[in-house]
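Structure record follows, encoded as structure tokens.
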Amino acid sequence: TTTPVAAAALWGGDANSVKLINDGINLVYRFEINGEGKYLRITHSKIRPAEDIEASIDYQLHLFKNNAPICLPIHSKSGKFLEEIVQGELTFLVHVTNEVPGKVIDLNR
């Protein structure tokens, strides 16, 4: 099992729907749960510590609760917003958000 597929499985994702969207500092994958789009973000723990990611998730939740048109972070099957995936000696931090309707922005154009 690849790391993105294993990570998406923590949210109940369809393994066949996992697709790389962005391979910058953070790897971003789109996948589906029961036909609904989700976005998985994978970050190496040395690039961005868990505390920083948790703070950004808290801020996203605050914005969403105050009607900002942003993607909503969603809990994994174990009830966490942030999960760890270990691949050999490497530890990755992963979190997922709902897909927001609208036009996809391509930053490479």
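Note down the relative contact order for the chain as a percent, whole number, built from C-alpha pairs under 8 angstrom at least six residues apart.
25
Could you work out what % of the accessible surface of the chain is carbon and sulfur, using a 1.4 angstrom probe and leaving DNA, RNA and ligands out of the count?
Ligands and nucleic acids excluded, carbon and sulfur reach 52 percent.
Helix-derived [θ] at 222 nm for the chain: sum -39500 (n - 2.57) over DSSP H runs of at least 4, divide by residue count, nearest 500?
My calculation for the chain gives -6500 deg cm²/dmol from helical runs alone.
Can you give the Rg and Dmax of the chain based on its C-alpha atoms, in angstrom?
Reported Rg and Dmax, both Å: 13.5, 41.
Quick one: what are the phi-derived ³J(HN,Hα) couplings along segment 24-35, Karplus 6.51/-1.76/1.60 with θ = phi - 60°, whole Hz, x for glycine and proline?
So the Karplus estimates, Gly and Pro as x, are x, 4, 9, 8, 10, 10, 9, 8, 10, 10, 6, x Hz.
Between Glu89 and Leu63, 0.36 nm times their residue separation minus their Cα-Cα distance comes to what?
Stretched fully, the Glu89-Leu63 segment lengthens by 5.8 nm.
Which order do peptides 13-19, 93-99 fall in by mean Cβ count within 10 Å, highest first?
In decreasing order of mean packing, 13-19, 93-99 become 93-99, 13-19.
Starting from the residue with the highest accessible area, list Lys38, Lys103, Lys65 in decreasing order, probe 1.4 Å.
Lys103, Lys65, Lys38
Ignoring ligands, DNA and RNA, how do His44, His62 rank by accessible area with a 1.4 Å probe, largest first?
Result, largest first: His62, His44.
Rounded to the nearest whole Å², what accessible area per residue is found for the chain with the 1.4 Å probe?
Result: 66 Å² per residue.
The values are calculated or read from the model by the stated rules, or taken from the named source; none is laboratory data. These figures come from a predicted structure and were not determined experimentally. Every residue, glycine as well, gets a Cβ built from its backbone with ideal geometry; the counts of neighbours run over all protein chains shown. Accessible surface is based on the protein model in full, side chains and every heavy atom, while ligands, DNA and RNA are left aside. Shrake-Rupley method; radii C 1.70, N 1.55, O 1.52, S 1.80 Å.
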